[in-house]
Amino acid sequence: MIVGERKPLQEILENLKPYKKICVMGCGTCVTVCLTGGEKEAQETAAAVSLQRKRAGDEAQVTTKTILRQCEYEYIDEITAEVADCDVILSLACGVGVQTMVERMPDKMVLPGLNTTFFGYPVQQGVWLENCLGCGNCVLDKTMGICPIARCTKSMLNGPCGGSADGKCEISKEVDCGWQLIYERLLKLGRLDAMTAVEPPKDWSSSHHGGPRKMVREDVKLNDSRQS
Amino acid sequence: MTVGNLKKVLDSGAFAVTGELGPPKSAEGDFIRHHAEHLRGSVDAYNLTDNQTAIVRTSSIACGKILVDMGLDPIIQITCRDRNRIAIQSDVLGAVALGIKNILCLQGDHQSFGNEPGSKGVYDLDSTQLLKVLKDMRDEGIFAGGEKLEAPIDIFIGAVANPFADPFEYRIARLAKKIEAGAQFIQTQAIFDMERFERWMEGIRKLGLHKKVPILAGVIPIKSLGAARYMKNNVSGIIVPDELIDRLKGAKDKKEEGLKICVETIQQVQKIEGVAGVHIMAIAWEEIVPEIVERAGLLPRPTFS
């Protein structure tokens, strides 16, 4: 999932200052699951903004709305009429959601309420971990399911650097060494030979380094009015 | 093409001595000249660190040129942290054009350790890939992207090895991989845990790696108890055993004891089969290197007509 963290309330209040009619919009998918931008968080944020504005003697009309996915036109289209009246939407979706909303409602001011942090998963209740960078050329087959691009701080492809100690990365004792994890997995699977071959330089052009990416699937494209 | 002093010493079979020089956080060329001059005659080649611990300093290649002009043999360190393959290959060509012969390939300490913690880490290549890229530039005459160099280059390619990093069992295979990628000489992380270093060398000998490339054992002279404690607790990839801390604690003259430990370490590694030399990293204590080399009985250094 895409993981996000809510921006500090002070930053949100500062950004919302010029606006009187505010809609805090939650997103019902990734950020709901990571407990930062769903319906509940939208209501909490709206209450906090409303209270602070009242205290500052600058009352605002704050409403909330949550749609299943801010990153798809069909869900945005369902609420455009409903939000037509507000001055600003504070989106609690990831950066994808914010930009899709702007794309679909170009006349509407949409501001981000979250910092989009990473692609990851919940390791345990309340703890999320990054494990994919979306590099566009998956190497999980070579490392048996643990990503050296995302899990190694230096995205190394030929084993751990000299800073790996006691299973931890040199940057922090809180961060596992990705290559220690890969080593242990390969050892368990009897596949340590995979760490002896020299892995050539990676072609980063499949990642963002090749420019903003786009995927086109001719086989599923529609040629009717729904393509806008 | 002429051979650098380091390669000559290693080829001669003499026990080699290299020393490390840290470029300054200024543009004072005299700083490097002064330290290099002080080490002249005590070491065979001079490592110039590449923004060590991610702290901005004068470029290693610029300092290397200063040493070349002094008639000394620099070893330029290149990390993968700050430059992509375009910049690194360009810098290597520039270094060779300036008369630099030795290049040591490292991954590089993470940028969060230094004075620009908000900088973007590059890590386009990793250290093993860097070795292979340099080897291909020299042996195949091609750049990483496959295009041909317009004229051949000659470089002596070095790699680092850390017997004290984990997973220990993999550290021997990792060196084999670096040699396969292109390493022609090796400098190790500083040794304080001799038992572990000996175990690592045993593994190296088992694979015959010491016969493929000369291995220079790394040492750091410890100046104070505080420095030893700092390394033990804060420098990843270095193991400082408690016994060493206790020994320093018990000593009246900590500096003298630190020196003794360093000299003893050099004498111990000299006896280990497969150790071809020593690499002295006396960063911020460069002036002590001649004394260490002398007390270790490694003077005079070999000369070649």
Fill in: Complete set of residues in segment B:82-116 that are within 15 Å of residue B:56 (Cα to Cα), in contact with a helix residue (DSSP H, G or I) (Cβ under 6 Å, 6 or more places away or on another chain) and within 11 Å of chain A (Cβ to nearest Cβ)
B:109, B:111, B:113
Worksheet item: If you take the residues of segment B:119-141 that are more than 9 Å from every other protein chain (Cβ to nearest Cβ) and over 13 Å from residue B:183 (Cα atoms), which of them is surrounded by the fewest Cβ atoms within 10 Å (Cβ to Cβ)?
Response: B:120
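Residues are listed down the side, and each one gets a yes or a no for (1) over 20 Å from residue A:21 (Cα atoms); (2) surrounded by 16 or more Cβ atoms within 10 Å (Cβ to Cβ); (3) in contact with a Phe, Trp or Tyr (Cβ under 8 Å, 6 or more places away or on another chain):
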position	(1), (2), (3)
A:76	no, yes, no
A:82	no, no, no
A:106	no, no, no
A:124	yes, no, no
Item to complete: Write out, first by first residue and then by second, each pair whose Cβ atoms fall under 8 Å of each other, whose residues are 6+ apart or on separate chains, and whose first residue, in segment B:142-170, is within 14 Å of chain A (Cβ to nearest Cβ) while the second is among the charged types (D, E, K, R) and assigned to a loop (DSSP other than H, G, I, E, B).
Response: B:164/B:193; B:166/A:166
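What tally of residues in segment A:166-224 results from selecting those that are within 30 Å of residue B:168 (Cβ to Cβ), among the acidic types (Asp, Glu) and within 12 Å of another protein chain (Cβ to nearest Cβ)?
Here the count works out to 6.
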Discussion item. Taking the criterion of being basic (Lys, Arg) and closer than 30 Å to residue A:171 by Cα, would at least one residue in segment B:267-276 satisfy it?
Written reply: no
Practice prompt. Output the strands (runs of 3 or more DSSP E) that fall wholly within segment A:53-120 and possess 1 or more residues being outside the structural domain of residue A:13 (by TED's automatic domain parsing), or say none.
Written response: none
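The values are calculated or read from the model by the stated rules, or taken from the named source; none is laboratory data. Being a predicted model, the structure only gives us computed values, none of them experimental. Cβ coordinates were reconstructed from backbone atoms using ideal geometry, including for glycine residues, and neighbour counts include every protein chain displayed.
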